[in-house]
Amino acid sequence: MLTEPTYKAASAVASIAEKHFSSHLEEAMRSGEHDLAASPSARQIEAMLDTAFWASLRREEGNSPKISIAFVSPEQAGFPLVFENRLPFNPRVLTKLGPGVERPGIHLGVWYDENGLFIWGTTHKIPNYCFVLDVSEPGLLVIKHRRMNGFGKFTNIVVLIGDQIKIVDESSRNLPDCPVLLTSLLGFASASEDNSVNVLIQLATSMRAHKHGGSLLVVPSGSEAWRASILQPVKYSVSPTYKGLTDLMQEDQSKWTSSLWLGELNREIESIAGLTAIDGATIISDKHEVLAFGAKIGHIDGQPRVEEILLTEPVIGGDGRIVNPAISGGTRHISAAQFVHDQKDAIALVASQDGGFTIFTWSPCDNIVHAHRIDSLLL
């Protein structure tokens, strides 16, 4: 049964989330898209958020639940595991089910009848624009949906951290010099851009997941200019360049949905992301060739040191501020800002140990290094 929610942040974002899903589904239908999900009402969203929040604060055998809740009927789910008896949608049941559905790719199916929301089973496959609510850790909830094209991470809509609310600002894609990686995370990269950029998104997600912190520098293929910004000798230079991920991405796209190809992709992603945990920066080309790791970023003689950067976050209220590079993070962030300042056709991805994540790019419009704080999109 739907009861009166007590988690105040749920009521604050329910109508916003309802409008997001209904408008995107209407646009998708007008475009002739198929396999589209149903849009939940604000009341249903509020109830799901409220129940999930209180469940996140509970523990089962000493562990907090990690659950992906999908608002989908059994009929729209692909090869669902359906319970013989429906289960009530409440914090106690969610906590009990948590250990069995915490692996990536498993969604707990939630639907409704005249009595309210109920849990019907689990599924690995959900329709496009399906409302998904991730219970990531105690007090941390993320509303998201599946990407329309390609593989990879879901698109985040709202992040709730206790009483803190972060609403993703889709208009960030219209900012001058907005990197394609950011537009893809916002769900707006074109199909032609999507697949290559999705690799960087998965690398970013994996870098953040290993919790050691790390830097990944992406430089133009066929150019050696980046070496001027790296202290020599490079202790872990790779020769010949490693092209495992490059070769995988060049395979026929008909293979990209196979479990074998996806498994190989995941192994390559994890391997490269793992290198970023080593002290120093990992360097890859824009064709995903591994060039070096554990590299120390230096300062080019004659080039000015970076004293200011533009710092933004793609959420409502995350407008740009001109700050000292140290404000964006520690020594990794300062070094990354200097690298991008000196190598303006490169980008730098920096993960903090606390889960923060920043993309550094050069902004020719503002003639400054632009730091995009994107951890709210990677949860």
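The values are calculated or read from the model by the stated rules, or taken from the named source; none is laboratory data. Only a predicted model underlies this, so the values are computations on that prediction, with no experimental measurement involved. No Cβ is skipped: glycine too gets one built from the backbone with ideal geometry, and neighbour counts run over all protein chains shown. Accessible surface areas use protein heavy atoms only, side chains included; no ligands, DNA or RNA. Shrake-Rupley method; radii C 1.70, N 1.55, O 1.52, S 1.80 Å.
Hey, does region 2-16 have a residue that's over 29 Å from Gly78 (Cβ atoms), in a helix (DSSP H, G or I), more than 24 Å from the chain's Cα centre (by Cα) and not polar (S, T, N, Q)?
Yes, region 2-16 contains at least one residue that is over 29 Å from Gly78 (Cβ atoms), in a helix (DSSP H, G or I), more than 24 Å from the chain's Cα centre (by Cα) and not polar (S, T, N, Q).
Quickly run through region 318-329 and pick out the residues that are more than 22 Å from the chain's Cα centre (by Cα) and not in a helix (DSSP H, G or I).
Listed by number, the residues that qualify are Arg321, Ile322, Val323, Asn324.
Would you confirm whether or not region 241-251 contains a residue that is aromatic (Phe, Trp, Tyr), modelled with pLDDT of 90 or more and farther than 23 Å from Gly329 by Cβ? It would help to see each step written out before you state the result.
Step one: list which residues in region 241-251 are aromatic (Phe, Trp, Tyr), which gives 242.
Still in the list and also modelled with pLDDT of 90 or more: 242.
Now restrict to residues that are farther than 23 Å from Gly329 by Cβ: 242.
Yes, region 241-251 has at least one match.
Only residues that are in contact with a Ser or Thr (Cβ under 6 Å, 6 or more places away or on another chain) and either free of Cβ contacts under 8 Å to residues at least 40 places away in the same chain or among the basic types (Lys, Arg) (or both): list them for region 22-62, please. Walk me through how you get there before you give the answer.
Kept after step one, since they are in contact with a Ser or Thr (Cβ under 6 Å, 6 or more places away or on another chain), are these residues of region 22-62: 22, 25, 39, 42, 46, 55, 58, 60.
Passing the criteria: Ser22, Ala42, Arg58, Glu60.
When you go through (1) closer than 23 Å to Leu262 by Cα; (2) modelled with pLDDT of 85 or more one by one for Ala191, which number turns out not to apply?
The number of the failed condition is (2).
Can you list the strands (runs of 3 or more DSSP E) found entirely within region 50-140 that contain at least 3 residues being open to solvent by 90 Å² or more (accessible area, probe 1.4 Å) and either out of contact with any Lys or Arg (no Cβ under 8 Å at 6 or more places or on another chain) or in the same structural domain as Ile16 (by the TED database) (or both)? If you could, list the steps in order and put the result at the bottom.
Values: elements: 67-71, 81-88, 107-113, 116-123, 132-137.
Qualifying strands (runs of 3 or more DSSP E): 81-88.
Hey, any hits in region 27-40 for a residue that's under 20 Å from Ala9 (Cα atoms) and either among the charged types (D, E, K, R) or under 20 Å from the mean Cα position of the chain (by Cα) (or both)?
No, every residue in region 27-40 fails to be under 20 Å from Ala9 (Cα atoms) and either among the charged types (D, E, K, R) or under 20 Å from the mean Cα position of the chain (by Cα) (or both).
Any residue at all in region 247-256 that is touching a Phe, Trp or Tyr at 6+ places or on another chain (Cβ under 6 Å) and closer than 22 Å to Ala346 by Cα?
To start, the set of residues in region 247-256 that are touching a Phe, Trp or Tyr at 6+ places or on another chain (Cβ under 6 Å) comprises 255.
Checking the rest, the ones that are also closer than 22 Å to Ala346 by Cα come to none.
For region 247-256, residues touching a Phe, Trp or Tyr at 6+ places or on another chain (Cβ under 6 Å) and closer than 22 Å to Ala346 by Cα: absent.
Can you tell me which residues in region 320-379 are among the basic types (Lys, Arg) and either touching a residue at least 40 places away in the same chain (Cβ under 8 Å) or buried (at least 18 other Cβ atoms within 10 Å of the Cβ) (or both)?
Residues satisfying the conditions are Arg332, Arg373.
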